[in-house]
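These notes are about the structure you will find just below.
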Amino acid sequence: MHLIARVFDVEITEEDLLEESVTLYGQDSLEGLKRALDLLINRYLLYHQALLNGLEVSEEEFENALLEALDSDNSVVNNEHTASEIEKQIEQCILIRKYIQQLYPSDLDIPESQLLAYYEEQQENFSASEMVRASHILIRKDEVNAEDKAKKLREKIHSPEVFKSICTQYSQCPSGIHCGDLGWFPRGKMIKEIEDIAFALQPGEISEVFPTKYGYHILMVTDRRESRPIPFEDIRESLETSLNEFKKEFFLFQHIQELHNTYKDQIVILDENYL
């Protein structure tokens, strides 16, 4: 059993790091192991503080946490740990969570001016994507002379009204009964060939025949929405939630750094590869 570090009287082994790294990052690289070591050290520091603050775990809290772990297929209860080790890990999780809640007990009311400033600073991240709405006619690739049939249909189409009529009669896609409507879609969410054509057309314009792996298509764009900012009022609540989460994370990061400084003599790295 190769020892990597010691925090207070808790020994951290290479096996502990491997388990943590694979669980969290799906890898056992040295970088992943180092990150796992940081997390374990932070965890033990917070657990130590929870005990110093006299926090305890009730029987009901433990049972609820155990059931939650079982329901979520949690690795804590599905590996080779003994029952006492599992109990200890669940207890640690509960106490750390209670301690963090004690540090930052609830969401704070953030001033409107601060929310507006955050909205304006990050406005490029609060925009609705450019979207198009399109309809198509499909002649399936397994149809005899599919491309020729699609091209003959295209020759008959001279207006959106004719497109809809032919779509209802001849399209071999289930959407045909709805005039071939594909609904609204942004870039990156539709078959690439359809997307490329759709974003190159304006509402009312009809494409020439083009292929995809499904067959031959004729596409008509029926509407378009340009990229636009999302109004502040529409996302005010989510902005407040995001800022509160950011404040909590920053506060916790600072607190953990303070614990590292306070207990630096109690954190001993035994393997120089992790220094």
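What relative contact order, as a whole-number percentage, does the chain give when Cα pairs under 8 Å and 6 or more residues apart are counted?
Values: 318 pairs, mean separation 64.0, N = 275.
Relative contact order of the chain: 23 percent.
Can you list the HN-Hα couplings for region 173-178, worked out from phi with the Karplus curve (6.51, -1.76, 1.60; θ = phi - 60°), rounded to whole Hz and with x for Gly and Pro?
Computed from phi, the couplings for region 173-178 are 9, x, 5, x, 5, 10 Hz.
Quick one, what does Rg over Rh come out to for region 1-104 if you take C-alpha atoms and the Kirkwood Rh?
Values: Rg = 14.1 Å, Rh = 14.6 Å.
My calculation puts Rg/Rh at 0.97.
Counting each DSSP H run of 4 or more residues in the chain as -39500 (n - 2.57), what helix-only mean residue ellipticity at 222 nm follows after dividing by all residues, to the nearest 500 deg cm²/dmol? Provide the component values of the computation, followed by the final result.
Numbers: 9 runs with 139 residues, N = 275.
That calculation yields -16500 deg cm²/dmol at 222 nm.
Remind me, relative contact order of region 129-227 in percent, using alpha carbon pairs under 8 angstrom and six or more residues apart?
Relative contact order for region 129-227 comes out at 45 percent.
Can you find, among Ile139, Thr82, Leu108, the residue farthest towards the positive end of the dipole of the chain? Put +1 on the C-beta of Lys and Arg, -1 on that of Asp and Glu.
With unit charges placed on the Cβ atoms, the residue in question is Ile139.
Would you work out which of Ile235, Leu46, Ala5 lies farthest towards the positive end of the dipole of the chain? Charges go on Cβ: Lys and Arg +1, Asp and Glu -1.
Toward the positive end, the furthest listed residue is Ile235.
With the alpha-carbon atoms as the only input, what is the per residue convex hull volume for the chain in Å³? Can you show the working numbers first?
Values: hull volume 64.3 nm³, N = 275.
Looking at the chain, the number lands at 234 Å³ per residue.
Calculate the translational D of region 129-227 in whole µm² s⁻¹ from Stokes-Einstein, where the hydrodynamic radius comes from the Kirkwood formula applied to all Cα pairs, the temperature is 37 °C and the viscosity 0.692 mPa s.
Numbers: Rh = 13.2 Å.
Diffusion coefficient, whole number: 248 µm²/s.
Divide, for region 201-275, the radius of gyration over alpha carbons by 2.2 N^0.38 Å, where N is the residue count.
Details: Rg = 27.8 Å, N = 75, 2.2 N^0.38 = 11.3 Å.
Normalised Cα radius of gyration, region 201-275: 2.45.
Using Cα positions and a limit of under 17 Å, work out the aspartates and glutamates in reach of Lys156, with same-chain residues fewer than 8 apart set aside.
Here the aspartates and glutamates satisfying the reach criterion relative to Lys156 are Glu147, Asp148, Glu205, Glu208.
State which entries of Lys98/Lys264; Lys151/Lys213; Lys98/Lys247; Lys189/Lys213; Lys192/Lys213 exceed 20 angstrom in Cα-Cα distance in the structure shown. Walk me through the numbers before you get to the answer.
Values: Lys98/Lys264 24 Å; Lys151/Lys213 17 Å; Lys98/Lys247 18 Å; Lys189/Lys213 16 Å; Lys192/Lys213 11 Å.
Violating the 20 Å Cα-Cα cut-off are Lys98/Lys264.
Assign unit charges at the C-beta atoms only (+1 for Lys and Arg, -1 for Asp and Glu), then state the dipole size of the chain relative to its Cα centre in Debye, rounded to the nearest 20. Don't skip to the end; give the middle numbers.
Numbers: 27 positive and 53 negative charges, 422 e Å.
With only Lys, Arg, Asp and Glu charged at Cβ, the dipole is about 2020 debye.
Mind putting a number on the dipole of region 206-275 about its Cα centre? Charges go on the C-beta only, +1 for Lys and Arg and -1 for Asp and Glu, and I need it in Debye to the nearest 20. Numbers along the way, then the final one.
Numbers: 8 positive and 13 negative charges, 69 e Å.
Value, rounded to 20: 340 debye.
To test your reading of the geometry: what angle, between 0 and 90 degrees and rounded to tens, separates the Cα axis of helix 83-103 from the longest principal axis of the chain?
Roughly 80 degrees between the two axes.
Where a number appears in this text, it was derived from the coordinates with a stated rule and is not lab data. In this text the structure is predicted, and so the values were computed from the model without any measurement. Ideal geometry is used to build each Cβ from the backbone, glycine not excepted, and the neighbour counts take in all protein chains shown.
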